[in-house]
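Q: Could you have a look at this structure, given as structure tokens, before my questions?
The values are calculated or read from the model by the stated rules, or taken from the named source; none is laboratory data. In this text, all values refer to a predicted model and were calculated from it rather than measured experimentally. Note that we place each Cβ from the backbone using ideal geometry, even for glycine, and neighbour counts take in every protein chain shown. Surface areas here come from the heavy atoms of the whole protein model, side chains and all, with no ligands, DNA or RNA. Shrake-Rupley method; radii C 1.70, N 1.55, O 1.52, S 1.80 Å.
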Amino acid sequence: MHHFLQEAMTAARTAAEIILDHYHRHATGQIDKKGAADFVTQADRAAEEAIMDHLGRKFPDHRFLAEESARDRTGGRRWIIDPLDGTTNFIHGYPMFAVSIALENDGQLLLGVVYDPLRDEMFAAQSGRGAWLNDQPIQVSAVSDPLTALVATGFPFRNRDKIDLYLAGFKRVFLRVGGLRRAGSAALDLVHVACGRLDGFFELGLAPWDVAAGTLIIGEAGGKITDVGGDPDKVYSGNVVGGNPIIHEVLLEALQPAWPSDKLPTGTL
Ligand code: IPD
Ligand code: CA
Ligand code: CA
């Protein structure tokens, strides 16, 4: 295994220890508001600091795009970090959250890890080499009949003015698929698509740190992930559709009439 990947996993586990320590003590630390219904806790900040500290010491010339503290926009090697994806769940003790870390070089994803500390599940991928859950290779599901598909989504709680737009897309998907879920961690939704627990995913208004690692993991597991227009290079627009190749196509067809590009949220960065 490449040592970049090894260090990403070590950083993710270090962050997870901090998060679990808070979780098991029912102590989120101070909760601050970043926006309407958008929270950050001491656990988020401490986890991010631990990840950046570890990777910064190992790779002093790498740069960071990290949710709570770093906005490097230059090229070269850059780590994209969501220290705690699913903060609202974490605050409530709802057991769905994860650490997400990706590394890109000049905008090309090299590796991604998403670690679910409560289940001790380490999802990982390396560009061109496949995707794994712990040590086992994973692949997307083979479900082809939309009516038997299980699909996840996320609500646009940061873009509340988009609720009618969102619901128009939601309705079209709802009427086509077998089941819809909203668990509250986009990073986990994406890796659950990658390992075939889910068959598809769609959400508006995500940030690069929500999707970077999961994007590579889905791609390496044989799935597809794009923006609503179907462009794989525009995932960081934040308006994201993923799935096994068949259900991905079904979701695009369902969503595109309801979600014209000029009405969608613009990217976070
Ligand atoms: C959020 C979660 C959630 C999604 C939001 C994200 P955070 O991340 O992934 O599922 O609906 O759009 O921002 O804020 O908990 O890191
Ligand atoms: Ca997130
Ligand atoms: Ca986060």
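Here's the yes/no breakdown for (1) open to solvent by 60 Å² or more (accessible area, probe 1.4 Å); (2) at pLDDT 95 or above:
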| site | (1), (2) |
| --- | --- |
| Met1 | yes, no |
| Leu5 | no, yes |
| Ala8 | no, yes |
| Thr28 | no, no |
| Phe39 | yes, no |
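Q: Could you tell me which of the residues Pro95, Pro83 is within 16 Å of ligand 1 (Cβ to nearest atom) and in contact with a Leu (Cβ under 9 Å, 6 or more places away or on another chain)?
A: Result: Pro95 is the single residue among Pro95, Pro83 that is within 16 Å of ligand 1 (Cβ to nearest atom) and in contact with a Leu (Cβ under 9 Å, 6 or more places away or on another chain).
Q: Looking for something crowded, with 21+ Cβ neighbours inside 10 Å and in a helix (DSSP H, G or I) - is there at least one such residue anywhere in the range 95-108? Break it down stepwise before answering.
A: Step one: filter the range 95-108 for residues crowded, with 21+ Cβ neighbours inside 10 Å, giving 97-104.
Retained after the next criterion (residues that are in a helix (DSSP H, G or I)): none.
Looking through the range 95-108, none of the residues is crowded, with 21+ Cβ neighbours inside 10 Å and in a helix (DSSP H, G or I).
Q: Further question on the same structure: Within the set of pairs 6 or more residues apart or between chains, which connect a residue that is without any contact (Cβ under 8 Å) to a residue 12 or more places away in the chain inside the range 161-187 to a residue that is open to solvent by less than 30 Å² (accessible area, probe 1.4 Å) with Cβ atoms less than 7 Å apart?
A: Ile163/Pro156
Q: Of all the helices (runs of 4 or more DSSP H) wholly in the range 161-269, which have at least 2 residues that are more than 18 Å from Val151 (Cβ to Cβ), of a type in the set (A, V, I, L, M) and within 16 Å of ligand 2 (Cβ to nearest atom)?
A: Filter on the range 161-269 gives 208-220.
Q: Quick check on Pro232: is it out of contact with any Leu (no Cβ under 8 Å at 6 or more places or on another chain), assigned by TED's automatic domain parsing to the domain that holds Ala258 and within 24 Å of Leu264 (Cα to Cα)?
A: It is true that Pro232 is out of contact with any Leu (no Cβ under 8 Å at 6 or more places or on another chain), assigned by TED's automatic domain parsing to the domain that holds Ala258 and within 24 Å of Leu264 (Cα to Cα).
Q: In the range 54-91, which residue that is closer than 22 Å to Asn105 by Cβ and of a type in the set (Asp, Glu) is surrounded by the fewest Cβ atoms within 10 Å (Cβ to Cβ)?
A: This residue is Asp61.
Q: Glu17 passes all but one of (1) open to solvent by less than 80 Å² (accessible area, probe 1.4 Å); (2) closer than 17 Å to Val114 by Cα; (3) touching a helix residue (DSSP H, G or I) at 6+ places or on another chain (Cβ under 9 Å); which number fails?
A: Just one mismatch for Glu17, condition (1).
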